[in-house]
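**Student:** Got a structure for you, written out below as structure tokens; questions coming shortly.
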Amino acid sequence: MTELFGQIDGLALALAGAGFAVILGGIGSSLGVRYAGAAGAGVVTEQPEKFGKVLVLEALPGTQGIYGFLVGFLILLFTGVLTGAPKDLTLVQGWQLFFACLPCGLACLFSGINQGKVTAAGMNMVAKDGSNMGKAMVLSAMVETYAVLGFLISALLLFFIKL
Amino acid sequence: MALSQIKKIRVVAISKHKDKILEKIQNFSDLEVISLDTDINSALTKKSKEKLENLELLRANIEFSIKTLSKFEKKKLISNPISISLEDAKEQSENQDFSQIIKICQNYEDKTQKAKNDIENISQKISNLAPYKDLSIKLEEQNGTDNYLIKVGEIKNIVFEDLIKKTNELSKIVSIEKVSADTTNTYFSIIFEKNIDREILQILTNLKFIDASLPKTKGSLKELIHSLKSDLKEAKRSIKNLDKNIQKEIKELNKLKIAYDYYSWEIEKLSSLKKIEKTDFAFCITAWVPKKSLDALEKEINDITNEYTMEILQLKKDEVPPVAIKNSKFMEPFEAVTKTFGLPLHNEIDPTPFLAGFFIVFFALCLTDAGYGILMIIAFSLALKFIKFDKGFKTLISVLLYGGIVTMIIGTLFGGWFGLTPEQVPSFFTYIDASGEKMFLLQKINPITNPLNVLILAFALGFIQITLGTYIKFFHTYLKGYRKNALLDTLPWSLFLTGLGFYILSITGAITSSASIIGKYWAIAGLISLVLTQGREKKSIIGKLLSGILSLYGLVGYLSDVLSYSRLLALGLATAIIGMAVNTIAILMKDIPFIGYLLMAIVFIGGHIFNLTINALGAFIHSGRLQFVEFFGKFMEGGGREFKPLSKKTKYIYLTK
């Protein structure tokens, strides 16, 4: 164990954090979009003219993946990996960055999956009556709130952790 | 600027004018006929019912034909509806016999369906026979002779050796011919003497033999497959021919579309007869009409006849009028936002004018990129100029256009230009501010280095909107006559929140300290008044005091509402950072030899369009949510029934005057 962790420096931890944020957000969104998309495909089979609306709804649970990606991007940016001159981070800084990624990653994971379920239900509303679109979107956005909050905290942490 | 006042009226007129008056009302588009309690005396006579059914059948057939022909319509990026006047639409539709084209379309669909079924059947057959195509036995020989039997079929590869061994043990005069094999199955024929058929069949059954059930015709299988293939080709060709023939009829499509809309109007008009009462000589319409349209309606009917009466009815107890909202031309697009939530109840207030400013500012804060704002302005003003949208869509585009304008302004103040940093642009676009930071021209705040300021701004806007919500509730209930409730339930909260606002402002040093004392005492006074008023329903004095104090818990609700506005910062940051990521990736592309700059341009343009689309969608939804959940909840319940006048709705055409 000590040998393994002895190899890990601050930068590696920070990059692991970036990876977690992107992976968790990506899992959340891909599952969410799957639920929504599967329900949407059913709607489109019956009513092909609603494809536009279905597509917009399907995109809604996709934002969690983007938030995760953004946190990952911020880490790459702030640690200097992107510019090709990575900073020397202490172990403490590394852990700080690692934990800063978690609010976004975990919130996005669960929010993405659950938003997908709500959106799938929203697809049924749209199938019945296209004018329900706005309501379906708002219901879906309620679940997204918590991913937004998670992203916000992660982003603020990354902005304010001194490197 | 508010809810339209809707009156219940009754019009009674002589029967012979019925059709003309109905037509007038439909063109007038501002009257909703109320259903009858019973339809015993309904004006929908047997004759008109028949007519209605015929029209519905005709419309269904027309719709069917449109669907068939639309498959061959040339797809255009922007498809405008057909412009036509009311009179022309009527004349064209009534003077044309559509039975011919309907028949052609039905014929086409029947025949293609049949051909498609054929293709499917034949392909299925071919794929079943394909493994046996090298079979040497002719099809007429498959039943064997008097002494020998033949079986053709498949078994699993792994048991094929078994089969040979077992049959050889049984008799030497068994011939097994392997025809073909794939990864799992072996296809073969077996010839054996009739006297051992039981044993052979037993072996085959044990090894899970599946009989090929070859068709009982003549010739070799190869010939059969060949003829099937040519049948397939024939069926495909016939579909192609059918497609080619139907394409000649595409010129009828526009006429069909016009007729579809025209007959939809007629159907709606005839259906409304069901809600109209008739006697031997007269008929009677009970309806909802906005108060301001009453005079105009009277004038319209007067044009036809003066043999009528029109009176305003008193509402029955528990009778709820439908709701229509009316706003100035500038505010009208924002009705789309209100309607997304649903209309207010008939005795509530129209939130549209109050939400408009907030909605658009929140939308802009979620984007905060002047470049995107400019793109939106260009795209949506071009769209409004060149495309004829129906009304609902037009309001949405107008809202987005306003959104673009405000986004440009706020984006400029926040220094958002396609996610670029000041270092990346020529120096005449930038300046050095007092603290030595490089900024874009006109930029006042940098949300990336100073996110807290934006967060505070978001909270402040939320606080203002929520406090405004409580004031709206206060004034509305007060003016409706529930003065006690307004003064004792709502006003203390409004005053307390206002005082609190001033107090917070003075703590942060935004206003002078003398004002801070006022704010402080004001907030305390509000707090005391809350404790004194909120428990007044309770009987005992202790109960009053306790629920008064408990009501302060409501503050948590207000607090969480305000915190919800932090999403404005998060979404704004998301736009900025995605923009930055796009630029970073685009710059990485530059170093690829030969096509580097091309790739860079593609990534830059594609990435920013993606960012704009996904975030404009998010901005719209989240800005809307803040109105619906945080703002509306303070003063309205919603759920009013929409006023749906008898009118001429269009699906395909755009009516010119």
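Quick note: the coordinates plus some simple rules give every number you see, no bench work behind them. Values in this document were obtained by computation on a predicted structure and should not be read as measured data. Note: ideal-geometry Cβ built from the backbone for every residue, glycine included; neighbour counts use all protein chains shown.
**Student:** Give the whole-number value, in cubic angstrom per residue, of the convex hull volume spanned by the C-alpha atoms of the stretch B:191-292.
**Tutor:** In the stretch B:191-292, the Cα convex hull volume per residue is 419 Å³.
**Student:** I need the phi-derived Karplus couplings for the stretch B:522-539: 6.51 cos²θ - 1.76 cosθ + 1.60, θ = phi - 60°, integer Hz, Gly and Pro marked x.
**Tutor:** Running phi through 6.51 cos²θ - 1.76 cosθ + 1.60 with θ = phi - 60° gives 4, 4, 5, 4, x, 4, 5, 5, 5, 4, 6, 9, 5, x, 5, 6, 6, 7 Hz.
**Student:** So, one more: Sequence neighbours fewer than 8 away in the same chain don't count; with that in mind, list the lysines whose C-alpha is under 22 Å from B:Lys544.
**Tutor:** B:Lys484
**Student:** With angles folded into 0 to 90 degrees, how steeply does helix B:451-479 sit against the dominant principal axis of chain B? Use alpha carbons for both and round to 10.
**Tutor:** The angle comes out at about 70 degrees.
**Student:** Now for a separate question. Relative to the longest principal axis of the C-alpha atoms of chain A, give the angle of the C-alpha long axis of helix A:63-78, reported between 0 and 90° and rounded to the nearest 10°.
**Tutor:** That works out to roughly 20 degrees.
**Student:** Still on this structure, I have one more. Which whole-number percentage describes the relative contact order of chain B, with Cα contacts under 8 Å and a sequence gap of 6 or more?
**Tutor:** 22 percent
**Student:** Moving on. Using alpha-carbon positions, what is the distance between the centroids of the stretch B:459-483 and the stretch B:51-72, in Å?
**Tutor:** 52 Å
**Student:** Using the number of other C-beta atoms within 10 angstrom as an exposure proxy, rank B:Ser427, B:Ser529 with the fewest first.
**Tutor:** Fewest to most other Cβ atoms nearby, the residues stand as B:Ser427, B:Ser529.
**Student:** If you bin the C-alpha pair distances of the stretch B:80-137 every 10 Å from 0, what whole percents do you get?
**Tutor:** 17, 21, 20, 15, 12, 8, 6, 1
**Student:** Along each of the three principal axes of the Cα atoms of the stretch B:568-657, give the extent in whole Å, ordering the values from largest to smallest.
**Tutor:** 65, 43, 16
**Student:** Taking θ = phi - 60°, what integer Hz values does the Karplus form 6.51 cos²θ - 1.76 cosθ + 1.60 yield along the stretch B:49-63, in sequence order, with x for Gly and Pro?
**Tutor:** After applying 6.51 cos²θ - 1.76 cosθ + 1.60, I find 5, 4, 4, 4, 5, 4, 4, 5, 5, 4, 5, 4, 5, 5, 4 Hz.
**Student:** Around B:Ala282, which amide H atoms from residues at least 5 apart in sequence, or from another chain, sit under 5 Å from its own amide H, with H modelled in the peptide plane?
**Tutor:** For B:Ala282, whose amide H was placed from the backbone, the distant partners under 5 Å are B:Ser15.
**Student:** Can you sort A:Thr90, B:Thr145 from fewest to most other Cβ atoms within 10 Å of each residue's own Cβ?
**Tutor:** B:Thr145, A:Thr90
**Student:** Give the cross-link partners of B:Lys275 among the aspartates and glutamates, using a straight C-alpha distance below 12 Å as the criterion and excluding same-chain residues fewer than 8 apart.
**Tutor:** Hits, sequence-local ones excluded: B:Glu32, B:Asp37, B:Asp39.
**Student:** Something else now. Calculate the radius of gyration of the Cα atoms of chain B to one decimal place, then report Dmax, the largest Cα-Cα distance, as a whole number, both in Å.
**Tutor:** Rg then Dmax for chain B, in Å: 38.6, 122.
**Student:** Further question: Dividing the alpha-carbon Rg of the stretch B:136-219 by 2.2 N^0.38 Å yields what?
**Tutor:** Here the Cα radius of gyration is 1.04 times the empirical estimate.
**Student:** Filter the trypsin sites (Lys or Arg not before Pro) in the stretch B:437-525 down to the DSSP loop ones having no more than 14 other Cβ atoms within 10 Å, then list what survives.
**Tutor:** Of the trypsin sites (Lys or Arg not before Pro), the ones in loops of the stretch B:437-525 whose Cβ has at most 14 other Cβ atoms within 10 Å are B:Lys444, B:Lys480.
**Student:** In deg cm²/dmol, rounded to 500, what helix-only [θ] at 222 nm does chain B give when every DSSP H run of at least 4 residues adds -39500 (n - 2.57) and the total is split over its residues?
**Tutor:** Helix contribution divided over all residues of chain B: -18500 deg cm²/dmol.
**Student:** For a footprinting-style exposure proxy, rank B:His17, B:His622, B:His608 by other Cβ within 10 Å, fewest first.
**Tutor:** Placing the least packed residue first, the sequence is B:His17, B:His608, B:His622.
**Student:** Cα convex hull of chain A: mean projected area in nm², to one decimal?
**Tutor:** Result: a mean projected hull area of 10.6 nm².
**Student:** Could you state the principal axis extents of the C-alpha atoms in the stretch B:245-395, from the largest down, to the nearest angstrom?
**Tutor:** Computed over the stretch B:245-395, the largest-to-smallest principal extents equal 69, 59, 28 Å.
**Student:** Check which residues have an amide H placed less than 5 Å from B:Thr430's amide H, if you skip close sequence neighbours.
**Tutor:** Counting only residues 5 or more places away or on other chains, the set is B:Leu441.
**Student:** To continue, here is another question. Once phi is turned into θ = phi - 60°, what whole-Hz ³J(HN,Hα) does the Karplus curve with 6.51, -1.76 and 1.60 give for every residue of the stretch B:584-596, x standing for Gly and Pro?
**Tutor:** Each residue of the stretch B:584-596 in turn: 4, 5, 4, 5, 4, 5, 4, 7, 5, x, 6, 9, x Hz.
**Student:** Assuming 0.692 mPa s and 37 °C, estimate D for the protein assembly as shown with Stokes-Einstein, Rh taken as the Kirkwood radius over Cα pairs, in µm²/s.
**Tutor:** 97 µm²/s
**Student:** Cα atoms only, the stretch B:453-564: Rg and Dmax in Å?
**Tutor:** 15.0, 48
**Student:** When only C-alpha pairs under 8 Å and at least 6 residues apart count, what is the relative contact order of chain A, in percent?
**Tutor:** Over chain A, the number comes to 35 percent.
**Student:** Obtain the nm distance between the two label points defined at B:Asp591 and B:Ser85 by a simple spin-label model: each point lies 7 Å from its Cα along the Cα-to-C-beta direction.
**Tutor:** Between B:Asp591 and B:Ser85, the simple spin-label model gives 6.9 nm.
**Student:** Using DSSP to define loop residues, name the chymotrypsin sites (Phe, Trp or Tyr not before Pro) in the stretch B:60-104 whose beta-carbon has at most 15 other beta-carbon atoms within 10 Å.
**Tutor:** Here the chymotrypsin sites (Phe, Trp or Tyr not before Pro) that fit, given the DSSP loop and packing criteria, are B:Phe72.
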